[in-house]
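Novice: Structure incoming, see below.
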């Protein structure tokens, strides 16, 4: 009896904060938000920890590129039931095209849920090289993550070339976020696309597969974490055979146009952004001459291009930086942004 009491009492004490937190969540929308966000992140930590053990075993049997698929499905099945969230996936058959560069829109940490549902077998992610030396580094390596040195343009180019060769050799796909940052707003929109994913696709001659997750503002933003169905649409692969570096900008533009149209189509019907500032570029200043006399109605005044904004996968966007950056030694780095393209960062709950 004393042994049973020694086991039950600690469990009872541990459960008190959980029960208290849950009771607060049932009475306060803000409490419910933090409760559900804590469950989401806690489940992610548990599944990722289990994934390290799984990665060791699957690496030993030569299936390390399937680790992400198994871990992703496990997380989706767990958190989907616990938080009553479901992902409705359309066009899943297109993900069978392999190898390919898979590009998706990025809104918040909740994107992990739709990634967990759509992540195909034999697929991996791209990560900055610094993450190799973090606690997640061993798991990322064993799961086949491709590390890129983004602070050095020469090394970055070599890393992308090596990534393309590995993708073709192993028959694996790579998941990337061309927006470079999460972007959660009530109106369905996409940030300007960075071109790294499209350079990789063209250099390796691999198709680009766009994946679009609907705008889920109604379910998740700061102070709100609801239940429901999230629609995701996989678009037909875009072939890159025969394309050269000069076609990269057009490829990025066409991909963004298709994704924006799909985003507006599957999202709750609200006013969408106009499809003008499509791909990240460095705007040139323009001048406007105001005539002294009456202005004719058929004369258009040239517009001043807006500067696109970007940031890391964080709560707010920072001012855009050019794809090229100047290093202290005076050389130019094509991959000198502070953003981590193709990465999923999990921080505290955000907008």
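Novice: Over the stretch 76-186, what is the mean sequence separation of C-alpha contacts under 8 Å (at least six apart), divided by residue count, expressed as relative contact order in percent?
Specialist: 39 percent
Novice: May I pose another question? Ranking request for peptides 182-190, 117-125: highest mean number of other beta-carbon atoms within 10 Å first, then the rest in descending order.
Specialist: Ranking the peptides 182-190, 117-125 by packing returns 117-125, 182-190.
Novice: Further, regarding this structure: Arranged by the count of other C-beta atoms within 10 angstrom, fewest first, what order do 149, 66, 250 take? Don't jump to the answer; show the numbers that get you there.
Specialist: On the way: 149 16, 66 20, 250 12.
Ascending Cβ contact count within 10 Å gives the list 250, 149, 66.
Novice: Let me check the size of the stretch 141-231 from its C-alpha atoms; what are the radius of gyration and Dmax in Å?
Specialist: 16.5, 46
Novice: Can you tell me how the stretch 211-269 classifies by the Cα gyration tensor, rounded, prolate or oblate, using a/c under 1.5 as the rounded cut?
Specialist: Note, shape of the stretch 211-269 comes out prolate.
Novice: Ok, one more. Between residue 154 and residue 61, what is the label-to-label distance in nm when each label sits 7 Å out along the Cα-to-Cβ direction?
Specialist: Roughly 4.4 nm, to one decimal.
Values quoted throughout were computed directly from the atomic coordinates according to the rules given, and no laboratory measurement underlies them. Keep in mind that this is a model prediction, so the values were computed, not measured. Please note: Cβ atoms are built from the backbone with ideal geometry, for glycine as well, and neighbour counts cover all protein chains shown.
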